[in-house]
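What follows is one structure encoded as structure tokens, with my remarks underneath.
Values in this text are rule-based calculations from the coordinates and carry no lab data. It should be emphasised that the depicted structure is a prediction, and the values quoted were computed from it without experimental measurement. Neighbour counts are summed over all protein chains in view; Cβ atoms, including those assigned to glycine, are modelled from backbone coordinates with ideal geometry.
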Amino acid sequence: MVRTPDSNAEEKRAAGEAAAEMVRDGMVLGLGTGSTVAWTIKRIGEMVEEGGVGVLGVPTSYQAQELAIAAGIPLTTLDQDPVLDLAIDGADQISHDLMTIKGGGAAHAREKVVASSAQWFVIVADSSKYVDALTHPVPVEVLPFAAKLAASRIEEIGGSPSLRQAKMKDGPVITDNGNFVIDADFGTIEDPEVLSTQLSEIPGVVEHGIFDNVDQLVVVLDGEVKVFSRE
């Protein structure tokens, strides 16, 4: 079967809603960005409305913030609550050892800060995101002043850089932090940890989309919700 962009809609909903069941009363939550975690946010809002849980949320993007407000989830900030109980987010790709690439929504810098502030970090995904090895281009948020240098250094370490262009306006995508995003294609990534270090060392790079701190994955495979934990 040829998959369309909406082929995994039910998988996304099932995974997103399953992750919401991890939420407990009194938690401070990191609320991620993307089409799968949007279902998590919606379900958490329903739980709040039903009176079963009282939570606070820290959104990772303006999109997540708007969804949380619409769902009725009270918000806080990392300044007010620097340690989160749980962060839930989506992924562009996640391998069997839970190495992850994020940043399709250009929110990966804030997502990484929120994930690193959480005591437990969970990824929600449909089956198309779960792979043997990472092959997705790595989003790299860069200072506009450093975009040319960063692209050159990415080429030096074996990547093919492409400045992400906006779809609804002329020019590059601008992140919530006011920066550019370079999508760096490395083909099959043999050692994500080494690449992570190399990207972090490039002057002008704010953050890249390789995440190595995922504690648990909630994914739908063969029509069933599966949960995998880091060994």
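Couple of notes before you dig in:
- Where a residue in the range 17-41 is crowded, with 21+ Cβ neighbours inside 10 Å and its partner, wherever it lies, is of a type in the set (Lys, Arg), with Cβ under 6 Å and at least six apart: Ala20/Arg43; Thr36/Lys12; Trp39/Arg13
- For the range 71-91, the criterion of being surrounded by fewer than 22 Cβ atoms within 10 Å (Cβ to Cβ), in a helix (DSSP H, G or I) and in contact (Cβ under 8 Å) with a residue 12 or more places away in the chain is met by at least one residue.
- Test: residue in the range 135-144 that is without any contact (Cβ under 8 Å) to a residue 60 or more places away in the chain and either outside any loop (DSSP other than H, G, I, E, B) or aromatic (Phe, Trp, Tyr) (or both): yes
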